[in-house]
1. Could you calculate the contour length gain from Glu99 to Arg80, that is, 0.36 nm times the residue separation minus the distance between their Cα atoms, to one decimal place in nm?
2. For Val72, which sequence-distant residues (separation of 5 or more, or a different chain) have an amide H within less than 5 Å of its own amide H, given hydrogens modelled in the peptide plane?
3. Modelled label-to-label distance, Asp128 and Ala163, 7 Å Cα→beta-carbon offset: nm?
4. With the crude spin-label approximation of a point 7 Å out along Cα→Cβ, what separation in nm comes out for Asp180 versus Tyr194?
5. Taking the Cα centre as origin and putting +1 on Lys and Arg beta-carbons and -1 on Asp and Glu beta-carbons, what dipole magnitude results for region 32-111, to the nearest 20 debye?
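Read-outs: derived from the displayed coordinates by stated rules, not from any lab. Nothing here was measured: the structure is a model prediction, and the numbers come from that model. We place every Cβ from the backbone using ideal geometry, glycine too, and count neighbours over all the protein chains shown.
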Amino acid sequence: MTTPTTPETDPSSSEPSTTGPSTPGPSSTALVLIDLQEDFLSTPGLARRRAGLLAAVHWWVGQAHRHGAPVVEVRTVLPRDPATWALNMRDDDSPVALEGTDGAGPVSELADVDTILVTKRRDDAFLDTELLEVLRAHDVDRLLLAGVATQACVAMTAASAYAHDFRVSLAGGAVASDDDHAHQEALRWLAEEYRQDVREPREGWPTT
């Protein structure tokens, strides 16, 4: 359910023990899910990672709910007008996630996840969207990013988040690409340039 507005792992096997109150106050961290849509996860490289990726996403969503954190789902949705598409899509006449198509919809595995929906047209989820306003409204100062593809929409959103003064981590097991080398290089770049590291499930939900 939505409210309008990687290397494969089994995170459940490394869930940290929890102590303290069972209903903590609202978290200052938001979980942001990026492009978990049929058009993106149906590519051969991501299709084979789909089960592990989405299992990890579900685990992090559970952690977010446990800590009272907002879960924001960002989807690419493009109008039919080619003038609205990214340059490479115009050049190749190969749009993805066209409005009204099944490919633009969320993956079926996330149908039961309660999220705040934000739509975008470019790799950077902050560009000409309501994402910044949504995060500010929830008093968020840290983001945990999950989704695809690591070297494209995930990395561009992470870099833009840095420019907006958000601290960022990548959700371990829950970011992926159909290009292993590009995935690893993007993670390295984000860590070296912006101090944005991968947060592994064993580390639990960020609280500082």
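1. Stretched fully, the Glu99-Arg80 segment lengthens by 6.1 nm.
2. Residues meeting the amide H criterion: Leu31, Val32, Leu33, Ile116.
3. Each label point lies 7 Å from its Cα, and together they span 1.5 nm.
4. My value for the distance between the label points is 2.6 nm.
5. With only Lys, Arg, Asp and Glu charged at Cβ, the dipole is about 440 debye.
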